[in-house]
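Here's the structure we're looking at; comments come further down.
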Amino acid sequence: MALGKNSKIELLKRVPLFAGCSKAELRELASRADEIDLREGYVLMREERPGREFVVLVEGTVRVTRNGKKLADLGAGDWLGEIALITNVPRTATATASSPIRVLVVTDRAFRSVVETMPSIALKVLASVGDRLARDARS
């Protein structure tokens, strides 16, 4: 069953990356997010390949690996690929559906379009990514 716009907004609001965003910013982002169902075994992103989208996991599980070693198992409400929204660096890990999944996908192009409409969202997302990178560097 497809998510309504309000459900997309609620999902995006729970992602710390977008925690500082206003309802209007979240509404704009939700309107550009695509909902997609994928099969178990589908590779969402591959380590060292370019990334063009950000993904929020709605249902199911995803395994994240680097150099073939498990880094994490993600579930509903988790997200990945946020760095692709703001930079062209290659993916730092591989993410594979470990069950059938439903995801919300925001492409870098859709995100830039939102930023053109609402520039304030860019600063909030950059601050959130910076915080996450700083935490990762300390751990």
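The values are calculated or read from the model by the stated rules, or taken from the named source; none is laboratory data. No experiment lies behind these values; they were computed from the predicted model shown. So basically every Cβ, Gly included, is an ideal-geometry build from the backbone, and we count neighbours across all protein chains shown. Just the protein is used for accessible areas: all its heavy atoms, side chains included, with ligands, DNA and RNA removed. Shrake-Rupley method; radii C 1.70, N 1.55, O 1.52, S 1.80 Å.
Tabulated results
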item: Breaking point among (1) surrounded by fewer than 16 Cβ atoms within 10 Å (Cβ to Cβ); (2) more than 22 Å from ASN6 (Cβ to Cβ); (3) in contact with a helix residue (DSSP H, G or I) (Cβ under 8 Å, 6 or more places away or on another chain), for THR117; result: (2)
item: Residues that are under 17 Å from GLU35 (Cβ atoms) and touching a Lys or Arg at 6+ places or on another chain (Cβ under 6 Å), drawn from the range 71-99; result: GLY77
item: Output for the range 65-74, where each listed residue is open to solvent by less than 50 Å² (accessible area, probe 1.4 Å) and over 17 Å from GLY41 (Cβ atoms); result: ALA72
item: The range 80-97: number of residues that are part of a helix (DSSP H, G or I), out of contact with any Gly (no Cβ under 6 Å at 6 or more places or on another chain) and either on the phi > 0 side of the Ramachandran plot or of a type in the set (A, V, I, L, M, F, W, C) (or both); result: 2
item: In the range 7-30, residue farthest from PRO119 (Cα to Cα) [restricted to those that are out of contact with any Lys or Arg (no Cβ under 7 Å at 6 or more places or on another chain) and among the small types (Gly, Ala, Ser)]; result: SER7
item: Hey, PRO100 in contact with a Gly (Cβ under 6 Å, 6 or more places away or on another chain) and open to solvent by 40 Å² or more (accessible area, probe 1.4 Å) or not; result: yes
item: Pairs, first under 18 Å from LEU126 (Cβ atoms) in the range 73-84, second at pLDDT 85 or above and of a type in the set (D, E, K, R), C-beta under 9 Å, six or more apart; result: GLY81/ARG52; GLY81/GLU53; GLY81/ARG91; ILE83/ARG91; ALA84/ARG52; ALA84/GLU53; ALA84/ARG91; ALA84/ASP108
item: Selection status of PRO50, surrounded by fewer than 13 Cβ atoms within 10 Å (Cβ to Cβ) and under 26 Å from GLU25 (Cα atoms); result: no
item: Meets criteria (more than 21 Å from ARG46 (Cα to Cα), of a type outside the set (Asp, Glu) and open to solvent by 20 Å² or more (accessible area, probe 1.4 Å)) for VAL125; result: no
item: VAL106, sole failed condition from (1) without any contact (Cβ under 8 Å) to a residue 60 or more places away in the chain; (2) out of contact with any helix residue (DSSP H, G or I) (no Cβ under 6 Å at 6 or more places or on another chain); (3) of a type in the set (Val, Ile, Thr); result: (1)
item: Residues that are surrounded by fewer than 18 Cβ atoms within 10 Å (Cβ to Cβ), hydrophobic (A, V, I, L, M, F, W, C) and out of contact with any Pro (no Cβ under 9 Å at 6 or more places or on another chain), drawn from the range 80-92; result: ILE83, ILE86
